[in-house]
Amino acid sequence: MFRATTVRRALGALAVVAFASQPIAVMAATSSGSSSNIDTLKMPGNRIRQRNPISVASIGALNLIQRTENIADPLYLASRRIVSDAVAAKLGIDAVALDKAWTRAPRDHQIAVLAALTQLDVRYVVGKESPYVYMDCSGLMWYSWRTAGVDLPRQALSQMDQHMRVNRKDAIAGDIAGEGTHVQMYLGVGNAMVHAPFDRKTVRLKMMSEEQAVRVVWTNPSHIATYRL
């Protein structure tokens, strides 16, 4: 059960994206001018707000962490906890362990994870990396890590480059797990991943099998130079 302070922080974090559910009502005159009617106008971000709830919550948390270097900011942590709890519930993993895994990860890894989660349910199209529209597997990694300030190569094979390799036991949230021409982002607990699978058509969460986890190559994109802060 959350403590009262955690609940208050979570409510505060929700205010960041509270606009998402509030339409604007305005009065509009009819062409005859003899009467008026009410048009309900939805705000410009309506298409984003209709997306996966985890994706919407991730947008709020990502917005907060991009505005500060302080990854221990209470408002950010509460907003991020909303995301991690939802991911844990979806995958059936320990929510506390997932929150701790994200807390241990450096700021750029946290940003990359949140950026990837903003793309849940985005349609898979090979060779594309258009946020909120199309993504393929390496495009999702490229977009997420560029959001974090890392000039990650665009192609899947380059994202598994030996200069970024890490042992599986050293992998942290935001690292990449790749095999063949497919890459996925590790969420930091067990074999939890977010990826863009060509056979399922949309970006989604998954639990990688232990058999595959042994086979994949693990890489840490922050081992290469950043192109901006």
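The values are calculated or read from the model by the stated rules, or taken from the named source; none is laboratory data. The structure presented is a predicted model; accordingly, all values stated were derived computationally and were not measured. When we count neighbours, we look across all protein chains shown, and the Cβ atoms used for this are built from the backbone with ideal geometry, even at glycine.
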Some residue of segment 145-155 being of a type in the set (Ser, Thr, Tyr) and either over 30 Å from residue 67 (Cβ atoms) or touching a strand residue (DSSP E or B) at 6+ places or on another chain (Cβ under 9 Å) (or both)
no
Yes or no: residue 149 surrounded by 15 or more Cβ atoms within 10 Å (Cβ to Cβ), free of Cβ contacts under 8 Å to residues at least 60 places away in the same chain and within 16 Å of the chain's Cα centre (by Cα)?
no
In segment 87-127, which residues are of a type in the set (Gly, Ala, Ser) and modelled with pLDDT under 95?
127
Within segment 89-109, how many residues turn out to be in contact (Cβ under 8 Å) with a residue 60 or more places away in the chain and either part of a helix (DSSP H, G or I) or farther than 20 Å from residue 207 by Cβ (or both)?
10
Pair list, Cβ < 9 Å and 6+ apart or interchain, from segment 49-63 residues that are free of Cβ contacts under 8 Å to residues at least 40 places away in the same chain and buried (at least 18 other Cβ atoms within 10 Å of the Cβ) to residues that are in a helix (DSSP H, G or I) and among the basic types (Lys, Arg):
56/49
Out of 141, 185, I need the residue that is in contact with a Pro (Cβ under 8 Å, 6 or more places away or on another chain), under 30 Å from residue 50 (Cα atoms) and crowded, with 23+ Cβ neighbours inside 10 Å. Which one?
141
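Residues are listed down the side, and each one gets a yes or a no for (1) assigned to a strand (DSSP E or B); (2) hydrophobic (A, V, I, L, M, F, W, C):
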| position | (1), (2) |
| --- | --- |
| 140 | no, yes |
| 144 | no, no |
| 156 | no, yes |
| 169 | no, no |
| 173 | no, yes |
| 177 | yes, yes |
| 194 | yes, yes |
